[in-house]
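Enquirer: Just passing along the structure, written as structure tokens.
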Amino acid sequence: MNFLYFDPGLGAMIAQAVIAAAAGVMLFSKNVMYKVKSFFGMVKDEDDNFDSIDIEEKDRKADDQ
Amino acid sequence: MTNRERHEASFRDPSGYIIQDGDVLRRVINPIYFDQYNALKEKGVFEALQKKGLLIDHEEESASDSEIIITPSPIPFITNPYEWCFEQYKHAALLTLQIQKYALSKGFVLKDASAYNVTFHKGKPVFIDTLSFDFYEEGTPWRAFKQFIMHFFGPLVLAKYHGTEVLKMMQTHIDGIPLQLISSMLPAKTRFSSTLYTNIHLLAKLESKHSDDYKAETKIAKLSRKAQSNMLENLFGYIRKLNISEATEWGDYYDKTNYESESFQAKKSLISSWVKPLNPQRLIDVGGNDGTFARTVLNDVPHVIVTDIDSNAVEQNYRRAREQDENNMLTFVSDVLQPSPGIGFNNTERNSLIDRLVAYAPDVTMALALIHHITLSGNVPFDKSAGFFAKFSKYLVIEFPKREDSWVESLLVRKREFINHFDFYNEVEFEKGYSGYFSIEKKEQIKGTNRILYLMVRK
């Protein structure tokens, strides 16, 4: 069991199930939009340390599959 | 043996604590955290994050049955969340999510997501709490999620709707902005955004509904690893796209002023010719706007801080420093007339700006086009502002705009019938006030202006 030194909030633990479900839908539709846009060549590649949540190249590729 | 003086900000986490060993900060790890520490080390999590520059480097000094001591790389100056511009705040939030997602992929989690885990170093945000990781238990939600919303997501979204001043609320709320308050401050239309509705409004509602479940009777929902990743990724995408549009107080200051470009150059070359021979290791430009003048000496000084009251100027400076890879430039927001106080337990958890400046001990302090604001907008007498600078500065490069200067004129005109109360604003009184703390080494009128530049040294 993880020990805990502050209250994580019970509501917050429950809420995450809903938040994650909504996020899943959002990401799915974003992914579809991305594919549509890249089909028409409308995607710009940005170069920034914060362009992706994944810090390793292989993670990025793994997620795209 | 190490001389152990426990750091005032280090008591919340039982996993370990920070000690001040002479000039060096070290981190002591308690046996309760040995399993986590060793696993993180063996699985290469520390190494991977440090290699990417996301986590502060550390050296293991010693390891015994009762404690492990590590020494993190020193950071010359710690900035706090309420001193960051919007872009800095955003990057600190994104960094936290990147680390959480990476940790999750390796079987760990961030057990807390406090904004104080991040500070700025070498031009980038860096995670400084090496003991914030814990083992991930399959199927559990992220325990630090609520803290992430209160420390990062909430303040950022509030800043979008109310401007960057809102970020200063972190100064009065060391544990983050309460969820109910975030929810109530957001416009009604945010309820129609699925990200904002679920991450803030719904969260606030569920939190207040379950706040008196003292016996922890309600069953905690399971959350798969993939679902948690989705949640993190969606937050990351949303924060990355967050923007604010604010008119700047000084952002285009240099376009607005009546500076001739010739005198602008004259001021620049005067500054660099005075500062370079002093060979400073640390320099701070107080009221330094977007860092234009600090940049004249940036290549000659190993560590340069530029601070300004205007969040947008700080933001421009931050972006520029990142674009040009100026790793020795640190920028943050501060108001000379009300510097950040010491906050938290005992008023010592987060040091006041003055305490941090005294510890930083810059060799050179620059105060350009600032004294008329301190004196005429803040009504601070000359000897008081001199005392302020003398607290932390050895050399002081200070610009005094005379009464004939257009900015001073406009500040004086605004005093209306009280204009006579400010007759003391002149060269003679200025030098008299500062002579209590400093002696004047050099003095020169900037060509084509009504401004005098002084080089002073503390008595």
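The values are calculated or read from the model by the stated rules, or taken from the named source; none is laboratory data. Because the structure is a prediction, the values reported are computed rather than measured. Counting neighbours? That spans all protein chains shown, and the Cβs are built from the backbone with ideal geometry, glycine included.
Enquirer: Quick check on this structure: which one of B:Thr130, B:Thr140, B:Thr119 is within 14 Å of chain A (Cβ to nearest Cβ) and either within 22 Å of B:His173 (Cα to Cα) or more than 14 Å from the chain's Cα centre (by Cα) (or both)?
Expert: Checking each option against the conditions leaves just B:Thr140.
Enquirer: Inspect all residues belonging to the stretch B:448-459 and state whether any of them is within 30 Å of the chain's Cα centre (by Cα), surrounded by fewer than 20 Cβ atoms within 10 Å (Cβ to Cβ) and at pLDDT 95 or above.
Expert: Checked the stretch B:448-459: at least one residue is within 30 Å of the chain's Cα centre (by Cα), surrounded by fewer than 20 Cβ atoms within 10 Å (Cβ to Cβ) and at pLDDT 95 or above.
Enquirer: Now for a different question. Any chance the stretch B:161-174 includes a residue that's of a type in the set (Lys, Arg) and touching a strand residue (DSSP E or B) at 6+ places or on another chain (Cβ under 9 Å)?
Expert: yes
Enquirer: If you don't mind, there's one more thing I want to ask. Kindly evaluate B:Glu409 against the criterion of being within 28 Å of B:Lys276 (Cα to Cα) and surrounded by fewer than 16 Cβ atoms within 10 Å (Cβ to Cβ).
Expert: no
Enquirer: So which helices (runs of 4 or more DSSP H) stay within the stretch B:12-108 end to end and still have 2 or more residues that are surrounded by fewer than 21 Cβ atoms within 10 Å (Cβ to Cβ) and away from every other protein chain (no Cβ under 11 Å)?
Expert: B:34-42, B:45-51
Enquirer: Shifting gears a bit: Do we have B:Leu242 as within 26 Å of the chain's Cα centre (by Cα), more than 9 Å from every other protein chain (Cβ to nearest Cβ), modelled with pLDDT of 90 or more and more than 20 Å from A:Ile53 (Cβ to Cβ) here?
Expert: Judged against the criteria, B:Leu242 is not a match.
Enquirer: Hey, can you tell me all the residues within the stretch B:97-129 that are of a type in the set (Asp, Glu) and over 22 Å from B:Met231 (Cα atoms)?
Expert: Matches in the stretch B:97-129: B:Asp129 only.
Enquirer: I need the full set of residues from the stretch B:280-303 which are aliphatic (A, V, I, L, M) and more than 11 Å from B:Met366 (Cα to Cα), in order please.
Expert: Selection gives B:Val297, B:Leu298, B:Val301.
Enquirer: Something else: Quick check: is even one residue across the stretch B:29-39 farther than 23 Å from B:Leu104 by Cβ and either among the hydroxyl-bearing types (Ser, Thr, Tyr) or touching a residue at least 12 places away in the same chain (Cβ under 8 Å) (or both)?
Expert: Scanning the stretch B:29-39 turns up at least one residue that is farther than 23 Å from B:Leu104 by Cβ and either among the hydroxyl-bearing types (Ser, Thr, Tyr) or touching a residue at least 12 places away in the same chain (Cβ under 8 Å) (or both).
Enquirer: Right, here's the next one. Test B:Asp310 against the stated conditions and say whether it is within 15 Å of the chain's Cα centre (by Cα) and among the acidic types (Asp, Glu).
Expert: yes
Enquirer: Something else now. Given the residues B:Lys226, B:Lys205, B:Lys146, B:Lys209, which is the only one that is within 11 Å of chain A (Cβ to nearest Cβ), of a type outside the set (Ser, Thr, Tyr) and crowded, with 21+ Cβ neighbours inside 10 Å?
Expert: B:Lys146
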